[in-house]
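Taking it in order: structure first as structure tokens, then the write-up.
The values are calculated or read from the model by the stated rules, or taken from the named source; none is laboratory data. Bear in mind the structure is a predicted one, so any value in this text is a computation, not a measurement. Heads up, the Cβs are rebuilt from the backbone with ideal geometry, glycines too, and the neighbour counts pull from every protein chain shown.
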Amino acid sequence: MIKLTQHGVYLLQGEKIVPADEYTAAASAPLSPDMARENTIAYQIMRAHDHCGGKKMRLKFDALMSHDITYVGIIQTARASGLKEFPIPYAMTNCHNSLCAVGGTINEDDHVFGLSAAKKYGGIYVPVNQSVIHQYAREEMAACGNMILGSDSHTRYGAIGNMGVGEGGPELVKQLLSNTYDIDAPEVVLVYLTGKPRHGVGPHDVAIALCGAVFKQGFVTNRILEFVGPGIASLSNDFRLGIDVMTTETACLSSIWETDETTRQFYQLHGHPERYRQLVPGEVAYYDRMIEIDLSTIEPMIALPFHPSNAYTIRELQENPYEILASVEAEAKEKFGDKVSLHLTDKIVDGKVMVDQGVIAGCAGGLYENLVEAAAILEGKSTGNGYFSLNVYPASVPVSMAVTRNGVAADLLEAGCIMKTAFCGPCFGAGDVPANNGLSIRHTTRNFPNREGSKPGQGQLSAVALMDARSIAATAANGGVLTSAADIDYEVPNLPYNYDRDIYAKRCYYGFGKADPAAELRLGPNITDWPKFDRLQDNLLIQLAAVIKDPVTTTDELIPSGETSSYRSNPLKLSEFALSRRVPDYVPRSKAIQADAAAMKEGNLSDSLKMAAKALGLDNDVLQHTSYGSGVFACRPGDGSAREQAASCQRVLGGGANIAYSYATKRYRSNCINWGIVPFTIDESEPFDYQSGDFLYVEGIYAAIRDGVETLTGKMVKADGSVKDITLHVNGLTEDEKTIILEGCLMNYYAAGYGKD
């Protein structure tokens, strides 16, 4: 279905693909890869936003997007750093905290804060349940050739010609303070589409197949995906958007698509015809790698727990359910041990897989065409009165209005579906949590462990598999028996989308360019300032509070989603949840280390610290010039959400460094840096045979970071007092990043007078 090419290729006139060596041999005046990469759509856009040029990029974005579990922290950080008004359009949606009921007023307090901030600083405020963040960006914020930075990992609008990048909140703070987003000039991967999707195949099928093909080998990690080819013409805008939003799950940096008449019609429909322009590669464009997708070969897919890349065709699962589901059970046992067990093979009845729940929701599933086609499959049928249920969340009120007016919502309701409001909860564990040992099939973005809201520490575990809305509807029509939409005979009705933004005009606050410095921020009792963080000292001593040997550690494991979202405005309260569903004793360990660090400043050493100091030969004078904190080792941390809290919670608990073989995403590494956590890496060939409680000491860390030393020798101290050298790397820090780490965090950096015009 999908072919990967590891080496570079040239695309000539947007059509002909030539391997790099063949092009160089045949062309009379060949363009070098560096020169021809500038002709990609991605580089055309990035260079227009680049304030540096060359191998480093310093980008300024056209607009910013946040939702209600990120914008409070972002504004509080920017406010502490000297924010006066928003310099570019900044839209704040309320689609995450709107149903995270933990009691009290704290969720709505965040929303009131958001509106008051929009009035004070000149922002755009989208009230609760009006739209999920990315649908609002598509409908009202995007423009061809623009760039949007969002504090959500699924910030992807490339299918309509707008490059989107998802990052942690501090990167948005930099933009709010008129600074830049700094990256090494990225590689670009050509995604060449041919063919046309067959009956019953939807965008999630293509996306799951793509994730399955590239994620585990890191084929596109931190690269840009550029979609071109004749297959694009066969895809509607909703189909393109549905694929595009899932590129986040490949671990790429961003995505962009060539635009055409279909794209022009999108902007025309949404009342922004002036925002369209044609985007195509130059005559000779170079791509560092290539992915070829023949859309006609894609089958209905399912991504089994616990990652979107755990991809199978539905046909494969139907033919071999015992072996495949048993492998998921084995993975669950490996992840959770004997705390809890998963029994998916119990779902096999008479050779068929029985499903407990279906959900179609959010920025991936809740799109207009998905709902129309799901309704067509379910017309005249019933979801039944058994254990199976189907919940549908339109992505925005305009989508909900459209399916209400044309009867699609009625068809879904008549079949037994429950229609809900625009809300992201099913994507991050705050809505429609299945029963224990339940199997939920979802057209949402992720199926990481506990992403659906289960709590293994309390004996609860359920499973989420990702599927396209079409096959979810087919399964619903078949009484919960796993069914491919390709096996259902149905006709897709001709129901063009009628977009009506009148509800936005009535309910949204448009304050860009109208900042009111006299307006008061409304601060509820849960909204607290960040604690103070110390500058980095001459030396660094770290005691490990968690050692995780999983191949990949997600941000959901570093800081769980779900009901914890209600505490995103309270750094101290939120930090209590750090690693709680993966390493439950991480928080008490970190707090103990934090207490020991405070005592060390007074000259009082705990027994473990005395042991480490003796083994390392450190006297009290050296310790007084040493930063002491907790640390985490994980093989490849940071896959998934952009949430900065995956790093900030560690910092609030006294975290000083992380050690990894590599960081799964740029955004998590950037979050660590912006919160003053040193992002060490070690060589893959070096086994990390240490455990929680062991120490790492790095002499002269301040000077090494300041001077750009990228390879250092540290010393590991085990509980028995034995000491062993370890080679550490801190590669590729920009000058600003060095200073941020030295100052202790981004807020300290601004408070010290850096980064200001």
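Which ones in the stretch 331-362 are modelled with pLDDT of 90 or more, of a type in the set (Gly, Ala, Ser) and within 16 Å of ASN437 (Cα to Cα)? Can you show your working first?
Initially, the stretch 331-362 is screened for residues modelled with pLDDT of 90 or more, giving 343-362.
Remaining after also requiring of a type in the set (Gly, Ala, Ser): 351, 358, 361-362.
Residue satisfying the conditions is GLY358 alone.
Which residue is nearest to THR483 (Cα to Cα), if the candidates are limited to the stretch 387-432 and must be among the β-branched types (Val, Ile, Thr) and surrounded by fewer than 21 Cβ atoms within 10 Å (Cβ to Cβ)? First the steps, then the outcome.
Of all residues in the stretch 387-432, those among the β-branched types (Val, Ile, Thr) come to 392, 397, 399, 403-404, 408, 418, 421.
Restricting the remaining residues to those that are surrounded by fewer than 21 Cβ atoms within 10 Å (Cβ to Cβ) gives 404, 418, 421.
Numbers: THR404: 27, ILE418: 20, THR421: 27 Å.
Per the stated criteria, the residue is ILE418.
Given the options ARG568, ARG501, name the one that is basic (Lys, Arg) and farther than 23 Å from LEU176 by Cβ. Talk me through it step by step, then tell me what you get.
On the way: ARG568 fails: farther than 23 Å from LEU176 by Cβ.
Among ARG568, ARG501, only ARG501 is basic (Lys, Arg) and farther than 23 Å from LEU176 by Cβ.
If you take the residues of the stretch 554-573 that are under 19 Å from the mean Cα position of the chain (by Cα) and among the aliphatic types (A, V, I, L, M), which of them is surrounded by the fewest Cβ atoms within 10 Å (Cβ to Cβ)?
Here the residue is ILE559.
In the stretch 624-661, how many are surrounded by fewer than 24 Cβ atoms within 10 Å (Cβ to Cβ), polar (S, T, N, Q) and modelled with pLDDT under 95?
Total satisfying the criteria: 1.
Mind checking which pairs have a first residue in the stretch 708-725 that is in contact (Cβ under 8 Å) with a residue 60 or more places away in the chain and a second that is exposed (fewer than 11 other Cβ atoms within 10 Å of the Cβ), Cβ under 7 Å, 6 or more apart or different chains?
Short answer, once both residue conditions are applied: LYS715/ASP725.
Test ASP502 against the criterion of being modelled with pLDDT under 95 and out of contact with any helix residue (DSSP H, G or I) (no Cβ under 8 Å at 6 or more places or on another chain), and give yes or no. Walk me through how you get there before you give the answer.
On the way: modelled with pLDDT under 95: yes; out of contact with any helix residue (DSSP H, G or I) (no Cβ under 8 Å at 6 or more places or on another chain): yes.
Yes, satisfied.
Determine if the stretch 346-362 includes at least one residue that is over 28 Å from PRO203 (Cα atoms), part of a helix (DSSP H, G or I) and of a type outside the set (A, V, I, L, M).
yes
For residues that are surrounded by fewer than 24 Cβ atoms within 10 Å (Cβ to Cβ), under 21 Å from GLN44 (Cβ atoms) and among the β-branched types (Val, Ile, Thr), tally how many sit in the stretch 215-258.
Residues meeting the conditions: 1.
Which of the residues spanning the stretch 706-738 are over 27 Å from TYR754 (Cβ atoms) and of a type outside the set (S, T, N, Q)? First the steps, then the outcome.
Initially, the stretch 706-738 is screened for residues over 27 Å from TYR754 (Cβ atoms), giving 713-727.
Hits for the stretch 706-738 are GLY714, LYS715, MET716, VAL717, LYS718, ALA719, ASP720, GLY721, VAL723, LYS724, ASP725, ILE726.
Select from the stretch 130-174 the residues that are closer than 18 Å to ASN97 by Cα and more than 21 Å from the chain's Cα centre (by Cα) and list them in ascending order.
Within the stretch 130-174, just GLN130 meets the criteria.
Go over the candidates ALA515, ALA545 one by one and state the one that is modelled with pLDDT of 95 or more, part of a loop (DSSP other than H, G, I, E, B) and either of a type outside the set (D, E, K, R) or exposed (fewer than 12 other Cβ atoms within 10 Å of the Cβ) (or both). Steps first, please.
On the way: ALA545 fails: part of a loop (DSSP other than H, G, I, E, B).
None of the others qualify; the one that does is ALA515.
Do you know which of the residues in the stretch 574-593 that are at pLDDT 95 or above and not charged (D, E, K, R) is surrounded by the fewest Cβ atoms within 10 Å (Cβ to Cβ)?
PRO588
From the list TYR312, TYR286, TYR267, which one is assigned to a helix (DSSP H, G or I) and either out of contact with any Cys (no Cβ under 8 Å at 6 or more places or on another chain) or not aliphatic (A, V, I, L, M) (or both)? Full working, then the answer.
Details: TYR312 fails: assigned to a helix (DSSP H, G or I); TYR286 fails: assigned to a helix (DSSP H, G or I).
Every option except TYR267 fails the conditions.
Please work out which one of (1) closer than 29 Å to PHE219 by Cα; (2) at pLDDT below 95 is the condition GLY755 fails and give its number.
Only one criterion is unmet by GLY755, namely (1).
Given (1) in contact (Cβ under 8 Å) with a residue 12 or more places away in the chain; (2) buried (at least 16 other Cβ atoms within 10 Å of the Cβ), where does ASN478 come up short, assuming only one miss?
Only one criterion in (1) in contact (Cβ under 8 Å) with a residue 12 or more places away in the chain; (2) buried (at least 16 other Cβ atoms within 10 Å of the Cβ) is unmet by ASN478, namely (1).
Could you list all residues from the stretch 686-729 that are over 22 Å from ARG535 (Cα atoms), within 30 Å of the chain's Cα centre (by Cα) and surrounded by 12 or more Cβ atoms within 10 Å (Cβ to Cβ)?
Residues satisfying the conditions are PHE688, TYR690, GLN691, SER692.
Given the criterion touching a helix residue (DSSP H, G or I) at 6+ places or on another chain (Cβ under 9 Å) and in a loop (DSSP other than H, G, I, E, B), identify the matching residue among PRO560, PRO531, PRO551.
On the way: PRO560 fails: touching a helix residue (DSSP H, G or I) at 6+ places or on another chain (Cβ under 9 Å); PRO551 fails: touching a helix residue (DSSP H, G or I) at 6+ places or on another chain (Cβ under 9 Å).
Within the list PRO560, PRO531, PRO551, the selection yields PRO531.
Spot the failing condition for THR313; the list is (1) under 16 Å from MET246 (Cα atoms); (2) in the same structural domain as ASP468 (by TED's automatic domain parsing); (3) modelled with pLDDT of 95 or more, and only one is missed.
Unmet condition: (1).
Scanning the stretch 412-430 for residues that are in contact with an Asp or Glu (Cβ under 9 Å, 6 or more places away or on another chain) and among the small types (Gly, Ala, Ser), which turns out modelled with the lowest pLDDT?
Out of the qualifying residues, it is GLY429.
Pairs only if they're at least six apart or on different chains, beta carbon under 6 angstrom, first in the stretch 222-236 and under 12 Å from GLU15 (Cα atoms), second assigned to a loop (DSSP other than H, G, I, E, B) and not polar (S, T, N, Q); list them, first residue then second.
Once the first residue is under 12 Å from GLU15 (Cα atoms) and sits in the stretch 222-236, its partners that are assigned to a loop (DSSP other than H, G, I, E, B) and not polar (S, T, N, Q) give VAL228/GLU258; GLY231/GLY195.
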